[in-house]
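Below you'll find the structure, written out as structure tokens, and then a few comments.
The values are calculated or read from the model by the stated rules, or taken from the named source; none is laboratory data. Being a predicted model, the structure only gives us computed values, none of them experimental. Glycine also receives a Cβ, built like all others from the backbone with ideal geometry; neighbour counts cover every protein chain displayed.
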Amino acid sequence: KNEVEQSPQNLTAQEGEFITINCSYSVGISALHWLQQHPGGGIVSLFMLSSGKKKHGRLIATINIQEKHSSLHITASHPRDSAVYICAPTGNQFYFGTGTSLTVIP
Amino acid sequence: KAGVTQTPRYLIKTRGQQVTLSCSPISGHRSVSWYQQTPGQGLQFLFEYFSETQRNKGNFPGRFSGRQFSNSRSEMNVSTLELGDSALYLCASSFRGRGDYEQYFGPGTRLTVT
């Protein structure tokens, strides 16, 4: 399986740190989604991108289609960013990374 | 606009029984996708429906089935439940489906099979 490799699996950061989560995939895709899941289960779609870079507040997502790689960056991390982040490259169906569990300590 | 709703939120069933889960998409969305999430396998794609037609299907046995109604509401059914079917079942809706449209997730149905 392993169409999607996500790293790191777990990440602990101090409040204010810059965080990077990486996603590499082997399937052909039309877009890649970054998802956030809080304890309790609810999933929120943070980004959907098919090229380049997108920014929402302190979150930045980039994708390199040729290299089949995407990164999610969080600037000035905050305890409320603590969640599991999942990349989901998508073609005819969704593929999912195993998720990165982020804990931001005050 | 109301979000994606799923019913029931929690369910306990016995091995061998069958179960039907329901998903109501955001108004105007015509695509509904279903996902299974377990601690061991993570998130896995089940199937996608668009305008009452199944458009894509993941690698799940035939015990897992679904349908979509003319109002875009969708149901998924699991027959002959197994212990391994215990999971969080999520649905997501989007305007057009495929991967290049924003997906909005429901809160999920947590199914426990005993």
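Structure data summary
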| read-out | value |
| --- | --- |
| Hits in the stretch B:11-51 (condition: polar (S, T, N, Q), away from chain A (no Cβ under 14 Å) and part of a strand (DSSP E or B)) | B:T20, B:S22, B:S24 |
| Members of the stretch A:70-92 that are in a loop (DSSP other than H, G, I, E, B) and either in contact (Cβ under 8 Å) with a residue 12 or more places away in the chain or surrounded by 21 or more Cβ atoms within 10 Å (Cβ to Cβ) (or both) | A:T75, A:A76, A:S77, A:H78, A:S82, A:G91 |
| A:T100 vs. criteria among the β-branched types (V, I, T) and either without any contact (Cβ under 8 Å) to a residue 60 or more places away in the chain or at the interface with chain B (Cβ under 10 Å from one of its Cβ atoms) (or both) | no |
| Index of the failed condition, B:P8 passing every other in (1) touching a residue at least 12 places away in the same chain (Cβ under 8 Å); (2) within 11 Å of chain A (Cβ to nearest Cβ); (3) not small (G, A, S) | (2) |
| Options B:F45, B:F64; residue that is more than 20 Å from B:I12 (Cα to Cα), aromatic (F, W, Y) and modelled with pLDDT of 90 or more | B:F45 |
| B:E75 being among the acidic types (D, E) and within 12 Å of chain A (Cβ to nearest Cβ) | no |
| Any hit, the stretch A:46-65, residues being among the charged types (D, E, K, R) and within 14 Å of chain B (Cβ to nearest Cβ) | yes |
| Those residues of the stretch A:1-23 which are of a type in the set (S, T, N, Q) and within 10 Å of the chain's Cα centre (by Cα), in sequence order | A:Q6, A:S7, A:T20, A:N22 |
| Residue that is farthest from the chain's Cα centre (by Cα), among those in the stretch A:83-97 that are among the small types (G, A, S) and within 11 Å of another protein chain (Cβ to nearest Cβ) | A:G91 |
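Table: residues versus (1) on the phi < 0 side of the Ramachandran plot; (2) in contact (Cβ under 8 Å) with a residue 60 or more places away in the chain; (3) β-branched (V, I, T).
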{"residue": "A:T12", "(1), (2), (3)": "yes, yes, yes"}
{"residue": "A:S30", "(1), (2), (3)": "yes, yes, no"}
{"residue": "A:I60", "(1), (2), (3)": "yes, no, yes"}
{"residue": "A:K68", "(1), (2), (3)": "no, no, no"}
